[in-house]
1. Just to be sure before I move on: is Gly250 within 14 Å of ligand 2 (Cβ to nearest atom) and either part of a loop (DSSP other than H, G, I, E, B) or at pLDDT below 95 (or both) in the structure I sent?
2. Looking at the structure I just gave you, is Ser311 surrounded by fewer than 24 Cβ atoms within 10 Å (Cβ to Cβ), within 19 Å of the chain's Cα centre (by Cα), outside the structural domain of Ser155 (by TED's automatic domain parsing) and among the hydroxyl-bearing types (Ser, Thr, Tyr)?
3. Working only within segment 256-302, note down all residues that are assigned to a loop (DSSP other than H, G, I, E, B) and among the hydrophobic types (A, V, I, L, M, F, W, C).
4. Pairs please, first residue from segment 262-281 and touching a residue at least 12 places away in the same chain (Cβ under 8 Å), second anywhere and among the acidic types (Asp, Glu) and surrounded by 23 or more Cβ atoms within 10 Å (Cβ to Cβ), Cβ atoms under 7 Å, 6+ apart in sequence or on different chains.
5. Gly161 versus (1) part of a helix (DSSP H, G or I); (2) of a type outside the set (Phe, Trp, Tyr); (3) closer than 30 Å to Gly258 by Cβ: which is the lone unmet condition?
6. Find the residue count for segment 240-295, including only residues that are within 13 Å of ligand 1 (Cβ to nearest atom), in contact with a Phe, Trp or Tyr (Cβ under 6 Å, 6 or more places away or on another chain) and under 25 Å from Lys77 (Cβ atoms).
7. Select from segment 71-88 the residues that are farther than 25 Å from Leu21 by Cβ, touching a residue at least 40 places away in the same chain (Cβ under 8 Å) and within 11 Å of ligand 1 (Cβ to nearest atom) and list them in ascending order.
8. Those residues that are buried (at least 23 other Cβ atoms within 10 Å of the Cβ), hydrophobic (A, V, I, L, M, F, W, C) and either away from ligand 2 (no atom under 15 Å from the Cβ) or modelled with pLDDT under 95 (or both), I need them from segment 281-301; list them, please.
Amino acid sequence: MYPIAVIPGDGTGPEVIQEGLKVLAAVSKKAGFQYQLKEFPYGGEHYLKSGEILPDSAITELKKFKAIYLGAIGHPKVQPGVLERGLLLKLRFDLDQYINLRPVKLYPGVDTPLKSKGPDDIDFVVVRENTEDLYKGVGEFKNKGTPEEVALQVSVNTRKGVERCVRFAFDYTRKRNRRKKLTLCAKTNVLTYAHDLWWRVFNEVAKEYPDVTTDYAHVDATCMWMVKNPEFFDVIVTTNMFGDIITDLGAMIQGGMGIAAGGNINPNGVSMFEPIGGSAPKYTGQNVINPLAAVMACSMMLEYLGEVKASQMVEQAVMKIIPQMKSMSAGKMGMGTTEVGDRVVKAL
Ligand code: IPM
Ligand code: MN
């Protein structure tokens, strides 16, 4: 019995989570496992009504679950940063989900903007550090509001934080067992403190993994290669900020936010799975958003729970229905959100 916490969140979050849960219900019967859901109301709407973002008591309670299934966080009536910091990043930080795992995989039948690239070329995973760097929130204003103003935002990189992320990436590359190639994406030529640490740790840990081929690319070059030669990549390990940026690029080359999923992983605690697109307010309540990213997040959650077969069944069902869809983009799928979910269930 897996206790799973569900935070549908804002905008289209609840709609896509509903489809994901439909798929979860169907696959649990097929694969023969049991789970129990508990829904939490947190998000922009809840904040506007109650003034509460995410109380510490919720963190304590969430620690009792096996996994968290999250829709989307973000509300047009809430000032930027409030929900991001107070809810999404608080969950990641307080639950110590130090890895953000983001597969970039182009499924057959999905359109990519990369001319002459196909599913064989676009299949890699980004291991993004998820608790440090510029996201730590360390900084200050000096002389705020004056012509002499200086705003500092510090990239915090600890030996422990970098090492556990790099180790996870090496382990993951070995376990993935594809090309067994791990690329460090950083900016060692400019960030001569922070990324010197990353470089040293990467090369040190690499010695323990002689079966894994290592590579290095600056972040700007990584963007170039992701577009020009995405087949170069197997697994990429990178910092929180760079990982945020390159995984949006990754989502685009794999067919858009409609299909891109990610996991916030604490290997020794509670992990959280989410579609990586936002709350998409303009599509809310219209039954036009693509739920496949949420369905794939559910597939990732199942793999992490140890239900590997169920996870693969969901992925295969998704691959089966993709050719029936006109597009991965909201409003252009040739069917509604709920129908996509129904078809995945049927394909199962
Ligand atoms: C993501 C998002 C978040 C991030 C935002 C909403 C804080 O863009 O999950 O990539 O920057 O990590
Ligand atoms: Mn992002």
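The values are calculated or read from the model by the stated rules, or taken from the named source; none is laboratory data. Predicted model only: the values in this text are computed from it and were never measured. Virtual Cβ from ideal backbone geometry, glycine too; neighbours counted across all protein chains shown.
1. Numbers: within 14 Å of ligand 2 (Cβ to nearest atom): yes; either part of a loop (DSSP other than H, G, I, E, B) or at pLDDT below 95 (or both): no.
Here the answer is no, as Gly250 does not meet what is asked.
2. yes
3. Taking segment 256-302 and keeping what is assigned to a loop (DSSP other than H, G, I, E, B), we get 256-260, 266-270, 276-280, 284-291.
Across segment 256-302, the qualifying residues are Met257, Ile259, Ala260, Val270, Ile276, Ala280, Val288, Ile289.
4. Pairs that qualify, where the first residue is touching a residue at least 12 places away in the same chain (Cβ under 8 Å) and the partner is among the acidic types (Asp, Glu) and surrounded by 23 or more Cβ atoms within 10 Å (Cβ to Cβ), are Gly262/Glu274; Ser279/Asp10.
5. (3)
6. Number satisfying all stated conditions: 0.
7. First, the residues of segment 71-88 that are farther than 25 Å from Leu21 by Cβ: 76-82, 85-86.
When the remaining residues are screened for being touching a residue at least 40 places away in the same chain (Cβ under 8 Å), the result is 76, 85.
Selection gives Arg85 alone.
8. Taking segment 281-301 as the starting set, the residues that turn out to be buried (at least 23 other Cβ atoms within 10 Å of the Cβ) are 289-301.
Next, from what is left, pick out any that are hydrophobic (A, V, I, L, M, F, W, C): 289, 292-298, 300-301.
Once the filter is applied, which keeps residues that are buried (at least 23 other Cβ atoms within 10 Å of the Cβ), hydrophobic (A, V, I, L, M, F, W, C) and either away from ligand 2 (no atom under 15 Å from the Cβ) or modelled with pLDDT under 95 (or both), segment 281-301 yields Ile289, Leu292, Ala294, Val295, Met296, Cys298, Met300, Met301.
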